[in-house]
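Notes follow the structure.
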Amino acid sequence: MSSNILRSAIAAVTGIVIAFGLIWLAQYAGSELSPDVYDPQTGEVLIPVGSTVALLVGWFVGTFAGGWVAMRVSGGTGAGWIVAGAVIGAGVYRAVTLADAWWIILLGILIPIAAAWAAQRATAVAAP
């Protein structure tokens, strides 16, 4: 029993590392393709649509990949949902601290849930 818990914990940590690595990569690519613009008149940093789309895609791809790996390694679905919870927590924290719009907060919850659900379905298909 304790080896199964250890396996799930290692799977969850591995999935979280993969998810956040892919999210960081998507954010980096988005900021390179459409960089933020500083508006000297208002003092605001204007974030272009391309960077926002890259972030949303990163949330989905990162959660899906990290969740899928965690579910495959652990042999169950719980570790993948832990990955989704970590991405949701980080996304909501980011949105609240940057005072994002309500729809970014909502998408920060819905996108990881959809990605974890898709990863669970993909894991069930790939299971021997």
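The values are calculated or read from the model by the stated rules, or taken from the named source; none is laboratory data. Computed from a predicted model, the values in this text were never measured in an experiment. Methodologically, a virtual Cβ is constructed for each residue, glycine included, from the backbone with ideal geometry; neighbour enumeration extends over all protein chains shown. SASA here: full protein model, heavy atoms, side chains in, ligands and nucleic acids out. Shrake-Rupley method; radii C 1.70, N 1.55, O 1.52, S 1.80 Å.
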(message) From the list 76, 30, exactly one residue is modelled with pLDDT under 95 and not in a helix (DSSP H, G or I). Which is it?
(response) 76
(request) Would you mind stating whether residue 113 is surrounded by fewer than 20 Cβ atoms within 10 Å (Cβ to Cβ), outside any strand (DSSP E or B) and out of contact with any Phe, Trp or Tyr (no Cβ under 6 Å at 6 or more places or on another chain)? (result) yes
(request) Confirm whether residue 61 is aliphatic (A, V, I, L, M), closer than 20 Å to residue 11 by Cβ, open to solvent by 40 Å² or more (accessible area, probe 1.4 Å) and touching a residue at least 12 places away in the same chain (Cβ under 8 Å). (result) yes
(request) Please enumerate the residues belonging to the range 64-79 that are open to solvent by 10 Å² or more (accessible area, probe 1.4 Å) and either of a type in the set (D, E, K, R) or within 11 Å of the chain's Cα centre (by Cα) (or both). (result) 64, 65, 72
(request) Any chance you could count how many residues in the range 69-128 are in contact (Cβ under 8 Å) with a residue 40 or more places away in the chain and not hydrophobic (A, V, I, L, M, F, W, C)? (result) 11
(request) Mind counting the residues in the range 80-108 that are outside any helix (DSSP H, G or I) and open to solvent by less than 50 Å² (accessible area, probe 1.4 Å)? (result) 2
